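J.: Here it is, the structure, as structure tokens.
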Amino acid sequence: MGMSRIGQALTAREILNLVDKDMRRVEEVMRLESVASVEAISAINKHIQASGGKRLRPTLVLLSTQLFAPLTDTAIAMAAVVEMIHTATLVHDDVIDAAETRRGKPSTNALWGNQTSVLSGDWLYMQAFQVAVRARNFRILDLLIGLTQLMVEGELLQLERLGRINISETDYMELVDRKTASLFSICARLGAMTGGASEADEARLGEFAWNLGIAFQLVDDVLDFTSREKILGKPVGNDLREGKVTLPLVYALQDATPIEREKVATVLREQDYKSVTFDEITGILKKYKGIERAMERAQHFTERARTLISDFPESPYQRALFSVTELVTARDH
């Protein structure tokens, strides 16, 4: 069902208003389920929740459910579960990347150290599954177990490729699929499942969210080069400093000269912008239109997501999901 963009667009504020009351219920579940008998775990979980975040993944669950039926306690629980899993991955990512900040605040590993942070992330994973088990639904568990395996595989693949300059677009997309898009897809499928959707609608909504997740990560990787630290909540140019060659650089390196490739390799070796400045790297990106090409690729996945969600019957929740695609592409952090 095709509708004009004007007819279905909602603002970020309208989307927030649509899910605000239910998101408060999700936050309460997360707060209650993040209390552990070990003080350090509870303190870390409280620190992470206080740092905020977009809450995009639980929003996908809430909106996807209501495409088909009113919200249930199970849908609220699943929204909390996906955010807990996402949070656990962030804790582990910060340890692996030796990150010092997260959302403009000190990372958990900077405050509590690597060992405590890793174990707290493990605890949060297990607690998320404990909440999920209460639904007594094997399909939910199958989805979550498969998701967690994919995300761990993605992290291991990324570790294998750290510091490598010869990353292909296929290599990059494989990582994005496992680390980001798969979680987005499961969020929508969980929402559809708890809303009583047919298997066909569940699969179609999962494909919508998968495309949305790819676009989200591409834009994220562009912002790492184009945003400002105050807006981004972490140092700009951090991906390359951590040894990650993302799509804007993949594209630029395809046409770069040996001297320019060596500049990128130098940053990867030194893990900092010492011998080569950040401006020199962004100069290479501008010269070969790495940013523009990556954004065009993101737009391709965004358009695919819009096409898929437009096929669902019109409702405030369908319009909100359509508008999320606009917000993902146009965001500045």
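J.: Can you tell me which residue in the stretch 32-52 is modelled with the lowest pLDDT, limited to those that are crowded, with 16+ Cβ neighbours inside 10 Å and outside any helix (DSSP H, G or I)?
T.: Selected residue: Ser51.
J.: Those residues that are among the hydrophobic types (A, V, I, L, M, F, W, C), under 16 Å from Thr59 (Cβ atoms) and surrounded by fewer than 20 Cβ atoms within 10 Å (Cβ to Cβ), I need them from the stretch 283-333; list them, please.
T.: First pass over the stretch 283-333, keeping only residues among the hydrophobic types (A, V, I, L, M, F, W, C): 284-285, 291, 294-295, 298, 301, 305, 308-309, 312, 320-322, 324, 327-328, 330.
Imposing the further condition that a residue be under 16 Å from Thr59 (Cβ atoms) reduces the set to 305, 309, 320-322, 324, 327-328.
Hit for the stretch 283-333 is Leu327, nothing else.
J.: Next question, about the same structure. Would you call Arg57 assigned to a helix (DSSP H, G or I), of a type in the set (Lys, Arg) and within 28 Å of Phe138 (Cβ to Cβ)?
T.: The answer is yes for Arg57.
J.: Do we have any residue at all in the stretch 249-263 that's in contact with a Lys or Arg (Cβ under 7 Å, 6 or more places away or on another chain), in contact (Cβ under 8 Å) with a residue 12 or more places away in the chain, surrounded by 22 or more Cβ atoms within 10 Å (Cβ to Cβ) and part of a helix (DSSP H, G or I)?
T.: yes
J.: Tally the residues that are closer than 23 Å to Gly195 by Cα, without any contact (Cβ under 8 Å) to a residue 40 or more places away in the chain and buried (at least 20 other Cβ atoms within 10 Å of the Cβ), restricting the search to the stretch 118-154.
T.: Result for the stretch 118-154: 0.
J.: Then there's this: Looking at (1) closer than 23 Å to Phe208 by Cβ; (2) at pLDDT 95 or above; (3) in a helix (DSSP H, G or I), which one does His86 not meet, given that it meets all the others?
T.: Against the list (1) closer than 23 Å to Phe208 by Cβ; (2) at pLDDT 95 or above; (3) in a helix (DSSP H, G or I), His86 comes up short only on (2).
J.: Hey, among the residues in the stretch 155-187 that are surrounded by 21 or more Cβ atoms within 10 Å (Cβ to Cβ) and of a type in the set (Gly, Ala, Ser), which one's farthest from Val82 (Cα to Cα)?
T.: Across the stretch 155-187, the extreme among qualifying residues is Ala181.
Here is a yes/no grid of residues against (1) surrounded by fewer than 21 Cβ atoms within 10 Å (Cβ to Cβ); (2) in contact with a Phe, Trp or Tyr (Cβ under 8 Å, 6 or more places away or on another chain); (3) under 17 Å from Val38 (Cβ atoms); (4) touching a residue at least 24 places away in the same chain (Cβ under 8 Å):
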residue	(1), (2), (3), (4)
Pro70	yes, no, no, no
Ala79	no, no, no, yes
Val82	no, no, no, yes
Thr116	yes, no, yes, yes
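J.: Considering Glu260, Glu242, Glu292, which residue is closer than 30 Å to Thr307 by Cα and either out of contact with any strand residue (DSSP E or B) (no Cβ under 9 Å at 6 or more places or on another chain) or of a type outside the set (S, T, N, Q) (or both)?
T.: From the options Glu260, Glu242, Glu292, the qualifying one is Glu292.
J.: Can you say whether Ala88 is touching a helix residue (DSSP H, G or I) at 6+ places or on another chain (Cβ under 9 Å) and over 18 Å from Arg57 (Cα atoms), as far as the supplied structure shows?
T.: Working: touching a helix residue (DSSP H, G or I) at 6+ places or on another chain (Cβ under 9 Å): yes; over 18 Å from Arg57 (Cα atoms): no.
It is false that Ala88 is touching a helix residue (DSSP H, G or I) at 6+ places or on another chain (Cβ under 9 Å) and over 18 Å from Arg57 (Cα atoms).
Let's see how each residue does on (1) under 20 Å from Tyr125 (Cβ atoms); (2) buried (at least 24 other Cβ atoms within 10 Å of the Cβ); (3) touching a residue at least 24 places away in the same chain (Cβ under 8 Å); (4) not basic (Lys, Arg):
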{"residue": "Lys21", "(1), (2), (3), (4)": "no, no, no, no"}
{"residue": "Arg25", "(1), (2), (3), (4)": "no, no, yes, no"}
{"residue": "Val29", "(1), (2), (3), (4)": "yes, no, yes, yes"}
{"residue": "Ser64", "(1), (2), (3), (4)": "no, yes, yes, yes"}
{"residue": "Asp73", "(1), (2), (3), (4)": "no, no, no, yes"}
{"residue": "Leu90", "(1), (2), (3), (4)": "yes, no, yes, yes"}
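J.: Return yes or no: is Ile214 surrounded by 20 or more Cβ atoms within 10 Å (Cβ to Cβ), within 29 Å of Phe312 (Cβ to Cβ), in contact with an Asp or Glu (Cβ under 8 Å, 6 or more places away or on another chain) and modelled with pLDDT of 95 or more? Show your work before the answer.
T.: Working: surrounded by 20 or more Cβ atoms within 10 Å (Cβ to Cβ): yes; within 29 Å of Phe312 (Cβ to Cβ): yes; in contact with an Asp or Glu (Cβ under 8 Å, 6 or more places away or on another chain): yes; modelled with pLDDT of 95 or more: yes.
So Ile214 fits the description; yes.
The values are calculated or read from the model by the stated rules, or taken from the named source; none is laboratory data. Please read all numbers here as calculations on a predicted model, not as lab measurements. Because the Cβ atoms are built from the backbone with ideal geometry, glycine has one as well, and the counts that use them run over all protein chains shown.
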